[in-house]
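Here is the structure we will look at.
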Amino acid sequence: MSRKPVVLVTGAAGEVGNGLIHHLTKSAQYDVVALDLKGLHTVSGSCAARIEGDILDRRLLERLVSEFEIHAIFHLAALLSTRSEFTPATAHEVNVTGTLNLLELAVEQSRWHGERVRFLFPSSIAVYGLPDLATKAEAGPVPESEHTEPTTMYGCNKLYCEHLGRYYARHYRQLAVDRERGGIDFRAIRFPGLISAYTVPHGGTSDYAPEMIHAAARGEPYECFVREDTRIPFMAMPDAIDALLALMQAPSARLSTPTYNVAAYSPTAGEFAKLVRDAFPSASIAFVPDLRRQAIVDSWPAEVDDARARADWGFAPKYDVTRTFEEYLLPNIKQRYATR
Ligand code: SER
(Lines give C-alpha, C1' and ligand atoms only; values in the text may rest on other atoms or scores of the structure.)
Protein backbone atom coordinates (compact mmCIF):
# COMPACT_ATOMS: atom_id res chain seq x y z
CA MET A 1 0.00 0.00 0.00
CA SER A 2 1.49 3.32 -0.98
CA ARG A 3 0.84 6.19 1.37
CA LYS A 4 1.52 9.88 1.05
CA PRO A 5 4.67 10.86 2.91
CA VAL A 6 3.97 12.54 6.21
CA VAL A 7 5.76 15.26 8.13
CA LEU A 8 5.23 14.90 11.88
CA VAL A 9 5.34 18.07 13.99
CA THR A 10 5.52 17.74 17.79
CA GLY A 11 4.80 20.79 19.93
CA ALA A 12 2.45 21.66 17.08
CA ALA A 13 0.34 24.13 19.05
CA GLY A 14 3.37 26.04 20.32
CA GLU A 15 4.78 29.31 19.02
CA VAL A 16 7.00 27.84 16.30
CA GLY A 17 4.73 24.89 15.51
CA ASN A 18 1.74 26.98 14.64
CA GLY A 19 3.52 29.11 12.04
CA LEU A 20 5.53 26.21 10.68
CA ILE A 21 2.43 24.10 10.09
CA HIS A 22 0.80 27.01 8.30
CA HIS A 23 3.63 26.78 5.73
CA LEU A 24 3.91 22.99 5.64
CA THR A 25 0.22 22.47 4.90
CA LYS A 26 0.58 24.63 1.78
CA SER A 27 2.99 22.07 0.29
CA ALA A 28 1.43 19.38 -1.87
CA GLN A 29 4.46 17.20 -1.23
CA TYR A 30 3.53 16.07 2.27
CA ASP A 31 0.66 15.46 4.60
CA VAL A 32 1.16 17.05 7.99
CA VAL A 33 0.45 15.28 11.28
CA ALA A 34 0.30 17.64 14.26
CA LEU A 35 0.95 16.34 17.77
CA ASP A 36 0.65 18.26 21.03
CA LEU A 37 -0.68 17.85 24.56
CA LYS A 38 -3.45 20.37 23.92
CA GLY A 39 -4.40 23.50 22.01
CA LEU A 40 -4.59 21.85 18.59
CA HIS A 41 -7.72 23.81 17.69
CA THR A 42 -5.31 26.70 17.01
CA VAL A 43 -3.46 24.62 14.39
CA SER A 44 -4.36 24.63 10.69
CA GLY A 45 -7.34 22.42 9.84
CA SER A 46 -5.53 21.35 6.66
CA CYS A 47 -3.45 18.85 8.64
CA ALA A 48 -3.99 15.20 7.75
CA ALA A 49 -4.35 14.55 11.48
CA ARG A 50 -4.24 16.57 14.69
CA ILE A 51 -3.46 14.30 17.59
CA GLU A 52 -3.66 15.24 21.25
CA GLY A 53 -1.13 13.20 23.14
CA ASP A 54 2.14 13.02 25.00
CA ILE A 55 5.55 12.38 23.45
CA LEU A 56 6.27 10.30 26.57
CA ASP A 57 3.43 7.93 25.67
CA ARG A 58 5.24 5.16 23.79
CA ARG A 59 2.00 3.43 22.81
CA LEU A 60 0.82 6.55 21.07
CA LEU A 61 4.12 6.80 19.21
CA GLU A 62 3.87 3.15 18.14
CA ARG A 63 0.41 3.90 16.80
CA LEU A 64 1.81 6.76 14.76
CA VAL A 65 4.42 4.44 13.23
CA SER A 66 1.74 2.01 12.15
CA GLU A 67 -0.68 4.60 10.82
CA PHE A 68 1.57 6.99 8.93
CA GLU A 69 4.56 6.89 6.64
CA ILE A 70 6.70 9.52 8.32
CA HIS A 71 9.56 10.95 6.26
CA ALA A 72 10.39 14.03 8.29
CA ILE A 73 9.95 15.14 11.88
CA PHE A 74 10.05 18.62 13.34
CA HIS A 75 10.46 17.82 17.01
CA LEU A 76 9.50 21.13 18.62
CA ALA A 77 7.96 19.98 21.92
CA ALA A 78 9.97 21.13 24.96
CA LEU A 79 9.81 22.85 28.33
CA LEU A 80 11.62 26.20 28.06
CA SER A 81 14.45 27.43 30.27
CA THR A 82 12.73 29.25 33.13
CA ARG A 83 10.03 26.64 33.51
CA SER A 84 12.62 23.84 33.45
CA GLU A 85 14.43 25.33 36.47
CA PHE A 86 11.29 24.86 38.58
CA THR A 87 10.91 21.18 37.63
CA PRO A 88 14.31 19.97 36.42
CA ALA A 89 13.51 16.25 36.50
CA THR A 90 10.29 16.75 34.55
CA ALA A 91 12.18 18.96 32.10
CA HIS A 92 14.70 16.19 31.57
CA GLU A 93 11.89 13.73 31.00
CA VAL A 94 10.13 15.89 28.40
CA ASN A 95 13.20 17.40 26.75
CA VAL A 96 15.51 14.37 26.72
CA THR A 97 13.36 11.24 27.03
CA GLY A 98 10.80 12.83 24.70
CA THR A 99 13.51 13.43 22.11
CA LEU A 100 14.88 9.91 22.53
CA ASN A 101 11.38 8.54 21.92
CA LEU A 102 11.07 10.54 18.71
CA LEU A 103 14.53 9.46 17.52
CA GLU A 104 13.50 5.83 18.10
CA LEU A 105 10.27 6.44 16.22
CA ALA A 106 12.30 7.87 13.32
CA VAL A 107 14.61 4.83 13.22
CA GLU A 108 11.62 2.52 13.25
CA GLN A 109 10.00 4.46 10.41
CA SER A 110 13.10 4.39 8.27
CA ARG A 111 13.18 0.59 8.64
CA TRP A 112 9.74 0.48 7.07
CA HIS A 113 10.23 2.74 4.10
CA GLY A 114 13.99 2.38 3.68
CA GLU A 115 14.77 6.09 3.51
CA ARG A 116 16.48 8.34 6.01
CA VAL A 117 14.04 10.31 8.12
CA ARG A 118 14.92 14.00 8.28
CA PHE A 119 14.86 15.03 11.91
CA LEU A 120 14.73 18.78 12.53
CA PHE A 121 15.52 19.85 16.06
CA PRO A 122 15.30 23.36 17.49
CA SER A 123 18.21 23.82 19.84
CA SER A 124 18.95 27.10 21.54
CA ILE A 125 21.41 29.79 22.62
CA ALA A 126 20.79 28.23 26.05
CA VAL A 127 23.42 25.58 25.19
CA TYR A 128 26.03 28.27 25.82
CA GLY A 129 27.25 29.14 29.28
CA LEU A 130 29.58 32.11 29.60
CA PRO A 131 31.13 32.26 33.05
CA ASP A 132 30.84 36.02 33.65
CA LEU A 133 29.97 39.35 32.02
CA ALA A 134 33.61 40.18 31.24
CA THR A 135 33.94 36.98 29.20
CA LYS A 136 30.60 37.71 27.51
CA ALA A 137 31.77 41.21 26.55
CA GLU A 138 35.04 39.91 25.14
CA ALA A 139 33.66 36.82 23.40
CA GLY A 140 32.39 38.45 20.19
CA PRO A 141 30.17 36.28 17.97
CA VAL A 142 30.41 32.81 19.54
CA PRO A 143 30.82 29.85 17.14
CA GLU A 144 29.05 26.53 17.63
CA SER A 145 31.96 24.82 19.36
CA GLU A 146 32.82 27.35 22.07
CA HIS A 147 31.51 28.06 25.57
CA THR A 148 29.15 25.08 25.58
CA GLU A 149 28.85 24.75 29.35
CA PRO A 150 25.20 25.58 29.95
CA THR A 151 24.00 26.64 33.40
CA THR A 152 20.35 25.62 32.95
CA MET A 153 18.61 22.25 32.83
CA TYR A 154 17.05 23.29 29.51
CA GLY A 155 20.47 24.20 28.07
CA CYS A 156 21.94 20.87 29.25
CA ASN A 157 18.97 19.03 27.73
CA LYS A 158 19.27 20.78 24.36
CA LEU A 159 23.04 20.29 24.19
CA TYR A 160 22.73 16.61 25.04
CA CYS A 161 19.95 16.12 22.48
CA GLU A 162 22.19 17.66 19.81
CA HIS A 163 24.68 14.91 20.67
CA LEU A 164 21.97 12.25 20.74
CA GLY A 165 20.87 13.33 17.27
CA ARG A 166 24.44 13.20 15.98
CA TYR A 167 24.83 9.74 17.51
CA TYR A 168 21.62 8.42 15.92
CA ALA A 169 22.57 9.92 12.57
CA ARG A 170 26.19 8.75 12.42
CA HIS A 171 26.98 6.05 14.97
CA TYR A 172 23.72 4.30 15.90
CA ARG A 173 24.29 0.65 16.90
CA GLN A 174 27.85 0.85 15.60
CA LEU A 175 28.76 -2.60 16.94
CA ALA A 176 25.75 -4.47 15.55
CA VAL A 177 26.48 -7.16 12.97
CA ASP A 178 23.30 -6.33 11.10
CA ARG A 179 23.95 -2.59 11.06
CA GLU A 180 21.25 -1.22 8.80
CA ARG A 181 21.30 1.49 6.25
CA GLY A 182 18.77 4.26 6.36
CA GLY A 183 18.28 5.76 9.77
CA ILE A 184 18.17 9.40 10.61
CA ASP A 185 19.32 12.60 8.97
CA PHE A 186 19.55 14.86 12.03
CA ARG A 187 19.71 18.64 11.65
CA ALA A 188 19.60 21.15 14.50
CA ILE A 189 19.35 24.92 14.65
CA ARG A 190 20.40 26.83 17.75
CA PHE A 191 17.76 29.53 17.85
CA PRO A 192 18.18 32.88 19.54
CA GLY A 193 15.22 34.45 21.39
CA LEU A 194 12.23 34.37 19.03
CA ILE A 195 9.64 37.12 18.71
CA SER A 196 6.18 36.45 17.30
CA ALA A 197 3.48 38.99 16.55
CA TYR A 198 0.78 36.45 17.29
CA THR A 199 1.81 34.60 20.43
CA VAL A 200 3.64 35.25 23.68
CA PRO A 201 6.02 32.50 24.81
CA HIS A 202 5.59 30.73 28.14
CA GLY A 203 8.35 29.76 30.50
CA GLY A 204 11.37 31.05 28.58
CA THR A 205 14.06 33.43 29.78
CA SER A 206 14.26 35.45 26.57
CA ASP A 207 10.55 36.19 27.03
CA TYR A 208 11.14 39.79 28.15
CA ALA A 209 11.37 41.10 24.58
CA PRO A 210 8.12 39.59 23.26
CA GLU A 211 6.35 40.26 26.59
CA MET A 212 7.35 43.94 26.44
CA ILE A 213 5.86 44.59 23.03
CA HIS A 214 2.71 42.53 23.58
CA ALA A 215 2.07 44.34 26.90
CA ALA A 216 2.48 47.73 25.19
CA ALA A 217 0.09 46.73 22.41
CA ARG A 218 -2.48 45.69 25.02
CA GLY A 219 -2.01 48.98 26.88
CA GLU A 220 -0.64 47.19 29.96
CA PRO A 221 2.40 48.24 32.04
CA TYR A 222 5.42 45.93 31.91
CA GLU A 223 8.17 45.19 34.41
CA CYS A 224 11.18 43.87 32.53
CA PHE A 225 13.00 41.16 34.52
CA VAL A 226 16.48 41.96 33.12
CA ARG A 227 18.72 45.07 33.22
CA GLU A 228 18.58 47.62 30.41
CA ASP A 229 22.09 46.75 29.22
CA THR A 230 21.27 43.03 28.78
CA ARG A 231 22.13 41.84 25.30
CA ILE A 232 21.32 38.50 23.62
CA PRO A 233 20.44 37.65 20.01
CA PHE A 234 16.85 37.68 18.77
CA MET A 235 15.03 36.83 15.57
CA ALA A 236 11.57 37.42 14.10
CA MET A 237 9.42 34.29 13.96
CA PRO A 238 9.06 34.26 10.13
CA ASP A 239 12.85 34.03 9.81
CA ALA A 240 12.94 31.17 12.33
CA ILE A 241 10.33 29.26 10.35
CA ASP A 242 12.09 29.95 7.05
CA ALA A 243 15.33 28.70 8.62
CA LEU A 244 13.72 25.41 9.67
CA LEU A 245 12.24 24.92 6.20
CA ALA A 246 15.51 25.83 4.47
CA LEU A 247 17.56 23.46 6.62
CA MET A 248 15.02 20.70 6.07
CA GLN A 249 15.40 21.08 2.29
CA ALA A 250 19.18 21.48 2.16
CA PRO A 251 21.02 18.64 0.38
CA SER A 252 22.89 16.60 2.97
CA ALA A 253 26.16 16.83 1.01
CA ARG A 254 26.21 20.57 1.74
CA LEU A 255 25.94 20.19 5.51
CA SER A 256 29.27 20.32 7.31
CA THR A 257 27.85 19.96 10.83
CA PRO A 258 24.64 18.63 12.40
CA THR A 259 24.09 21.82 14.43
CA TYR A 260 23.96 25.42 13.24
CA ASN A 261 23.81 28.81 14.91
CA VAL A 262 21.43 31.35 13.39
CA ALA A 263 20.90 34.95 14.46
CA ALA A 264 19.53 38.22 13.18
CA TYR A 265 20.16 41.09 15.64
CA SER A 266 21.17 41.71 19.24
CA PRO A 267 19.59 44.81 20.77
CA THR A 268 19.92 45.49 24.48
CA ALA A 269 16.70 45.27 26.50
CA GLY A 270 16.89 49.09 26.77
CA GLU A 271 17.19 49.51 22.98
CA PHE A 272 14.26 47.16 22.56
CA ALA A 273 12.23 49.21 25.06
CA LYS A 274 13.00 52.38 23.08
CA LEU A 275 11.62 50.81 19.90
CA VAL A 276 8.50 49.75 21.80
CA ARG A 277 8.06 53.27 23.26
CA ASP A 278 8.54 54.83 19.81
CA ALA A 279 5.74 52.63 18.49
CA PHE A 280 3.49 52.95 21.55
CA PRO A 281 4.23 56.36 23.13
CA SER A 282 2.04 55.60 26.15
CA ALA A 283 3.88 52.32 26.90
CA SER A 284 4.90 51.96 30.54
CA ILE A 285 8.08 49.86 30.84
CA ALA A 286 10.09 49.60 34.06
CA PHE A 287 13.30 47.64 34.57
CA VAL A 288 13.03 45.48 37.69
CA PRO A 289 15.71 42.80 37.30
CA ASP A 290 15.10 39.37 38.76
CA LEU A 291 18.68 38.51 39.67
CA ARG A 292 18.30 34.81 39.11
CA ARG A 293 16.72 35.04 35.67
CA GLN A 294 19.22 37.81 34.91
CA ALA A 295 22.08 35.42 35.65
CA ILE A 296 20.71 32.95 33.10
CA VAL A 297 20.51 35.58 30.36
CA ASP A 298 23.97 36.88 31.32
CA SER A 299 25.36 33.40 30.66
CA TRP A 300 24.06 33.46 27.07
CA PRO A 301 26.19 35.09 24.35
CA ALA A 302 25.51 38.64 23.15
CA GLU A 303 26.08 37.43 19.59
CA VAL A 304 26.52 34.09 17.86
CA ASP A 305 28.55 33.34 14.76
CA ASP A 306 26.20 31.92 12.11
CA ALA A 307 28.73 31.83 9.24
CA ARG A 308 28.30 28.09 8.77
CA ALA A 309 24.52 28.32 8.30
CA ARG A 310 25.05 31.12 5.78
CA ALA A 311 27.70 29.19 3.84
CA ASP A 312 26.16 25.69 3.94
CA TRP A 313 22.47 26.29 3.34
CA GLY A 314 22.15 29.95 2.49
CA PHE A 315 20.71 31.21 5.76
CA ALA A 316 20.00 34.94 5.44
CA PRO A 317 17.41 36.52 7.76
CA LYS A 318 15.01 38.88 6.02
CA TYR A 319 14.19 40.93 9.10
CA ASP A 320 16.67 43.23 10.82
CA VAL A 321 15.39 44.83 14.02
CA THR A 322 13.84 47.86 12.27
CA ARG A 323 12.06 45.76 9.69
CA THR A 324 10.93 43.34 12.41
CA PHE A 325 9.17 46.22 14.14
CA GLU A 326 7.91 48.16 11.14
CA GLU A 327 6.85 45.41 8.78
CA TYR A 328 6.15 42.40 10.97
CA LEU A 329 5.45 43.15 14.63
CA LEU A 330 3.61 46.47 14.61
CA PRO A 331 1.07 45.90 11.83
CA ASN A 332 0.23 42.39 12.99
CA ILE A 333 0.18 43.09 16.74
CA LYS A 334 -1.96 46.19 16.34
CA GLN A 335 -4.42 44.26 14.22
CA ARG A 336 -4.42 41.35 16.64
CA TYR A 337 -5.33 43.42 19.70
CA ALA A 338 -7.65 45.77 17.79
CA THR A 339 -9.95 42.92 16.89
CA ARG A 340 -10.29 41.58 20.43
N1 SER B 1 13.71 31.15 24.26
C2 SER B 1 14.29 30.10 25.02
C3 SER B 1 14.13 30.31 26.46
O4 SER B 1 14.12 31.45 26.87
C5 SER B 1 15.73 29.96 24.73
O6 SER B 1 15.87 29.11 23.65
O7 SER B 1 14.04 29.39 27.18
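If you take the square roots of the eigenvalues of the alpha-carbon gyration tensor of the stretch 1-118 and sort them as a ≥ b ≥ c, do you get rounded (a/c under 1.5), prolate (a/b over b/c) or oblate? Spell out each step's value before the answer.
On the way: a/c = 2.11, a/b = 1.32, b/c = 1.59.
Taking the square roots of the gyration eigenvalues as a ≥ b ≥ c, the stretch 1-118 is oblate.
Could you work out the local net charge near residue 37, counting Lys and Arg as +1, Asp and Glu as -1, over the other residues with Cβ closer than 13 Å to its Cβ?
Working: positive: 38, 50; negative: 36, 52, 54, 57.
With Lys, Arg at +1 and Asp, Glu at -1, the neighbours total -2.
Using only alpha carbon pairs under 8 Å that are at least six residues apart, calculate the relative contact order of the chain and give it in whole percent. This gives 18 percent for the chain.
Suppose only helical runs count, i.e. DSSP H with n ≥ 4. What mean residue ellipticity at 222 nm does that imply for the chain under -39500 (n - 2.57) per run, divided by all residues and rounded to the nearest 500 deg cm²/dmol?
Details: 13 runs with 131 residues, N = 340.
Per the formula, -11500 deg cm²/dmol.
Summed over the residues of the chain and divided among them, the accessible surface reaches 45 Å² per residue at a probe radius of 1.4 Å.
Since only 117, 143, 100 are under comparison, the one whose Cα sits farthest along the positive direction of the charge dipole of the stretch 98-149, derived from C-beta charges on Lys, Arg, Asp and Glu, is 117.
The charge dipole of the stretch 215-256, taken about its Cα centre with unit charges on the Cβ of Lys, Arg, Asp and Glu (plus for the first two, minus for the last two), comes to roughly 200 debye.
Simple point charges give the picture: +1 on the Cβ of Lys and Arg, -1 on the Cβ of Asp and Glu, and for the chain a dipole about the Cα centre of about 820 debye. When the solvent-accessible area of the chain is split by element, carbon and sulfur atoms take up 51 percent of it, the probe being 1.4 Å.
Let me check I've understood the local charge: for residue 254, count other residues with C-beta under 13 angstrom from its C-beta, Lys and Arg +1, Asp and Glu -1. What total comes out? Before the final figure, lay out each step's value.
On the way: positive: 187, 308, 310; negative: 185, 312.
Computed value for this residue: +1.
Computed with every protein chain present, the accessible area of residue 223 is close to 120 Å² [probe 1.4 Å].
Hey, got the dipole for the stretch 7-80? About the Cα centre, +1 on K and R Cβ, -1 on D and E Cβ, debye to the nearest 20? Walk me through the numbers on the way to the answer.
On the way: 6 positive and 9 negative charges, 16 e Å.
Here the size comes out at about 80 debye.
Non-local lysine pairs in the chain, meaning eight or more places apart or on different chains, with alpha-carbon distances under 25 Å, amount to 9.
The values are calculated or read from the model by the stated rules, or taken from the named source; none is laboratory data. In this text, all values refer to a predicted model and were calculated from it rather than measured experimentally. Please note: Cβ atoms are built from the backbone with ideal geometry, for glycine as well, and neighbour counts cover all protein chains shown. SASA here: full protein model, heavy atoms, side chains in, ligands and nucleic acids out. Shrake-Rupley method; radii C 1.70, N 1.55, O 1.52, S 1.80 Å.
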